[in-house]
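Scroll down for the structure; my scribbles are underneath it.
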Amino acid sequence: MTLRGRSFLAAGLALVACGVVIGFPDITRLGVLVAGLPLLVLLVASRQQLAFATAREVHPAVVPMDQWCDVHLRLRNPGPGRTPILMAQEQVDYALGDRPRFVIPRMAPDAEHQVSYRVRSSVRGRHQLGPLGLRIKDPFEMTLRLAAVPGTGEVIVLPRLVDLSGGALTGGLGNDGTIPHLIALHGEDDVSVREYRDGDDLRHIHWPATARTGELMVRQEDRPATRRIVILLDDRASSGHEQRSASAFEWAVTAAASIANLVIDGGTHTHLILAGEAHAGFGGEQLRPERALTALAVAELHDPATFS
């Protein structure tokens, strides 16, 4: 019951009491009418059945920080009756700003109504849209019912990126070319051999292959070495006895996202590891920048055992 409904009920009961005490039946009957009105309205409102179906379209569904995205909310009345005018409020994460409010007009059976609103966030992550909250009042505004319509959507906000285009990759990650010591270290020379040609260095003879084929075989050392980078996000919630701060973790996510954006665009074969698993980059699969940023957008702190 609203304040108006409770006031009517209290006034009716007071009139009934006064009519009984002073002996005026007309006042008593008036009190019964005034007190019975909000109770009757409450009974009718509690028996009213409403049914709504919702669907959300988010464009774009994956956005950078501080960029607007449009949400189109479609409502349909699958029930057999006509709906009243309703006040609605979309339940969204606080990181997306104020909760949108709008009025839903009367809807005939199987009718549809669409509303649109915009959201943006300066906090990365997966943010939920919905469910839709309804405020249902009777024509006399004596009762108020709050209801939630099932159905949600989501928008993913990517981590912040720092421009690293002015930097250079170091640590032996130059252009693809001949790196004999790197190949020999990883044993790639064992899988690339060829027949001996006049002028080849005898020190490059591959004896296991020679014994197997019966002809002189030499190591092919001029294979281009493949550049590989592994990006590992330290997502431990605690290190030793110290708890990880949220600001330090956000800095790590920003660093990993910025490095991934730089090296993937440069054509480097990149592996991304977080939350205890490899998200992409293995088995010949090429890691794409949007996939790496989406995985980093929803990164969270985990138990140290997962990191191990």
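Among the DSSP helices (H) of the chain, those spanning at least 24 angstrom by Cα along their long axis with an average Kyte-Doolittle hydropathy of -1.0 or more are 3-22, 25-47, 246-265; this is a geometric and hydropathy rule only.
Dipole magnitude for the chain: about 2160 debye, using +1 per Lys or Arg Cβ and -1 per Asp or Glu Cβ, origin at the Cα centre. Taking other C-beta atoms within 10 Å as the exposure proxy, Asp303, Asp201 rank Asp201, Asp303 from fewest upward. Note on Thr28, Thr306, Thr83: ascending count of other Cβ atoms within 10 Å places them as Thr306, Thr28, Thr83, the fewest first. Across the chain, C-alpha contacts under 8 Å between residues 6 or more apart give a mean separation that, scaled by the residue count, equals a relative contact order of 14 percent. Once C-alpha pairs closer than 8 Å and six or more residues apart are averaged by separation and normalised to the residue number of segment 228-307, the relative contact order reads 41 percent.
Beta-bridge orientation, segment 228-307: approximately 45 percent antiparallel, per DSSP, counting only bridges with both partners inside. Computed extension gain for Ala255 through Arg29, at 0.36 nm per residue and net of the alpha carbon distance, reaches 73.7 nm. Around the amide H of Ala111, modelled in the peptide plane, lie the amide H atoms of Asn77, all under 5 Å away and 5 or more residues distant in sequence or on another chain. Neighbour counts of C-beta atoms inside 10 Å place Leu33, Leu42, Leu202 in the sequence Leu202, Leu33, Leu42, starting with the fewest. Estimated purely from DSSP H runs of n ≥ 4, each contributing -39500 (n - 2.57), the mean residue ellipticity at 222 nm for the chain is -9000 deg cm²/dmol once divided by its residues.
Ala111: net charge of surrounding residues, Cβ under 13 Å, Lys/Arg +1, Asp/Glu -1, itself excluded?
Value of the local net charge: +2.
Taken together, the values in this text are just the output of simple stated rules run on the coordinates, not laboratory data. Keep in mind it's a predicted model, so treat the numbers as computed, not measured. Please note: Cβ atoms are built from the backbone with ideal geometry, for glycine as well, and neighbour counts cover all protein chains shown.
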